[in-house]
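S.K.: Got a structure here, written out as structure tokens. Questions coming.
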Amino acid sequence: MKLFITISSLLLIMLGASGSQALTVRFHPQAVVDGDDVTLGAIASITPVGKRSRSLAGISLAAAPAPGSELRMQSRDLWARLCRLEPDLAGADHQGADVVVIRRAGVPFGPRKVQTLLKKYLQSQQQRFPGMTLNLVNLQLPRPFVLPKGTLRTEIRPSDPDILHSRSFNILFRVEDRPVRNLTVRGQIEALAEVPTMIRDLPRGSILRATDLQLVRRNIVPMRNPCLDLNQLIGKKTRRTLRRGQPLTRSMVVSPPVIKRGEMVTISLQHGGLSISTRGIARHNGEIGDTIPVRNSNSQRDILCKVIAPGQVKVGF
């Protein structure tokens with residue numbers, strides 16, 4: 001009889017233990033997390049599996065390290081934090097590693113990827129500069145770094161609104177629409193284009209002809225106000241002596257006057273339905289659109305007139 005009671009008690013104890021198994025938290029020696037927080041479920045296994053264990057698994061115990069970095073934490077400290085958050089766990093069992101090494105997963109991003117980003121940005125700007133080929137030069141690329149996992153979006157801004165004269169580029173990295181890194185890359189842009197260039201020396205005051213010029217491919221960024229159209233130079237007068245092999249800019253030439261000082265011109269006046277014309281003598285050289293003084297041949301008085309064509313000026317009100 002005594003033996004039967006003992007066996008029955010053991011059976012009851014065993015059945016009771018299996019029916020209401022105590023909660024156990026076993027810490028892993030190593031864990032990998034993706035997000036900004038270290039949750040219990042990421043660094044430990046919780047048994048028995050059920051509603052309570054799933055609830056505990058989502059509790060945040062620490063901030064995750066930077067992407068690609070590691071964090072070492074004592075399991076006793078982690079357990080103490082958990083018990084402060086969930087006081088009813090004070091009597092539960094915790095086992096496993098004494099130290100948990102937590103690594104934050106991430107996406108490696110090296111200098112080659114940064115260079116590719118900048119090249120794609122430059123290609124998107126290419127249509128603003130017809131007839132030119134844009135290249136990045138003297139880039140100071142960063143060392144490799146790690147970004148958080150997630151949908152990546154980048155924003156690139158040149159240091160100068162005129163990107164041809166930019167000395168650096170700012171890259172803002174966003175993951176899931178949240179800024180995660182701000183990077184500045186130093187570098188310059190080379191803009192190659194066909195530039196009118198002198199074939200021979202020409203003295204100041206010469207009229208440029210097509211035989212004086214040829215197109216040479218060169219970087220126009222260092223040039224001020226470059227001219228890329230031969231037709232805009234042919235027939236213009238040189239403002240200074242030009243040398244063979246010298247690239248031309250618009251400031252090096254001037255349009256020859258269509259009216260020269262001392263030239264007899266026709267002065268026209270229109271006001272309402274009234275139209276009058278007379279003759280006069282130009283007192284200065286003038287190009288189309290210039291305002292110059294003209295001496296009226298009848299009154300011998302100087303009047304200001306606008307040059308409208310070779311040998312023709314008009315008086316405006």
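S.K.: Specify which of the listed residues (233, 269) is touching a strand residue (DSSP E or B) at 6+ places or on another chain (Cβ under 8 Å) and in the same structural domain as residue 215 (by TED's automatic domain parsing).
M.R.: Residue meeting the stated conditions: 233.
S.K.: Based on this model, can you work out whether residue 192 counts as touching a Lys or Arg at 6+ places or on another chain (Cβ under 9 Å), closer than 14 Å to residue 122 by Cβ and surrounded by fewer than 16 Cβ atoms within 10 Å (Cβ to Cβ)?
M.R.: Against the criterion (touching a Lys or Arg at 6+ places or on another chain (Cβ under 9 Å), closer than 14 Å to residue 122 by Cβ and surrounded by fewer than 16 Cβ atoms within 10 Å (Cβ to Cβ)), residue 192 qualifies.
S.K.: Further, regarding this structure: Looking only at the range 205-240, count how many residues are among the small types (Gly, Ala, Ser) and either closer than 20 Å to residue 137 by Cβ or buried (at least 16 other Cβ atoms within 10 Å of the Cβ) (or both).
M.R.: 0
S.K.: Among the residues of the range 255-269, how many are closer than 15 Å to residue 303 by Cα and surrounded by fewer than 14 Cβ atoms within 10 Å (Cβ to Cβ)?
M.R.: 3
S.K.: Just checking, which of 157, 153 is over 30 Å from residue 70 (Cβ atoms) and either modelled with pLDDT under 95 or in contact with a strand residue (DSSP E or B) (Cβ under 7 Å, 6 or more places away or on another chain) (or both)?
M.R.: Step by step, each of 157, 153 is checked, and only 157 is over 30 Å from residue 70 (Cβ atoms) and either modelled with pLDDT under 95 or in contact with a strand residue (DSSP E or B) (Cβ under 7 Å, 6 or more places away or on another chain) (or both).
S.K.: Going residue by residue through the range 165-172, is there one that turns out to be free of Cβ contacts under 8 Å to residues at least 60 places away in the same chain, touching an Asp or Glu at 6+ places or on another chain (Cβ under 6 Å) and not hydrophobic (A, V, I, L, M, F, W, C)?
M.R.: Looking for residues that are free of Cβ contacts under 8 Å to residues at least 60 places away in the same chain, touching an Asp or Glu at 6+ places or on another chain (Cβ under 6 Å) and not hydrophobic (A, V, I, L, M, F, W, C), one finds at least one in the range 165-172, hence yes.
S.K.: Still on this structure, please answer the following. Could you list, in sequence order, the residues of the range 219-233 that are of a type outside the set (Val, Ile, Thr) and out of contact with any Lys or Arg (no Cβ under 7 Å at 6 or more places or on another chain)?
M.R.: Selection gives 219, 222, 223, 224, 226, 228, 229, 230, 231, 232, 233.
S.K.: Also, quick follow-up: In the range 231-261, what residues are of a type in the set (S, T, N, Q), assigned to a loop (DSSP other than H, G, I, E, B) and more than 20 Å from residue 310 (Cα to Cα)?
M.R.: Answer for the range 231-261, where residues must be of a type in the set (S, T, N, Q), assigned to a loop (DSSP other than H, G, I, E, B) and more than 20 Å from residue 310 (Cα to Cα): 241, 246.
S.K.: Follow-up. Out of curiosity, is residue 33 touching a residue at least 40 places away in the same chain (Cβ under 8 Å), surrounded by 15 or more Cβ atoms within 10 Å (Cβ to Cβ) and touching a His at 6+ places or on another chain (Cβ under 8 Å)?
M.R.: No.
S.K.: Select from the range 73-132 the residues that are among the hydrophobic types (A, V, I, L, M, F, W, C), part of a strand (DSSP E or B), in contact with a helix residue (DSSP H, G or I) (Cβ under 9 Å, 6 or more places away or on another chain) and surrounded by 15 or more Cβ atoms within 10 Å (Cβ to Cβ) and list them in ascending order.
M.R.: Of everything in the range 73-132, those that are among the hydrophobic types (A, V, I, L, M, F, W, C), part of a strand (DSSP E or B), in contact with a helix residue (DSSP H, G or I) (Cβ under 9 Å, 6 or more places away or on another chain) and surrounded by 15 or more Cβ atoms within 10 Å (Cβ to Cβ) turn out to be 73, 100, 102.
The values are calculated or read from the model by the stated rules, or taken from the named source; none is laboratory data. Here the structure is a predicted model, which means the values were calculated and not measured. Cβ: placed from backbone, ideal geometry, glycine included. Neighbour counts: every protein chain shown.
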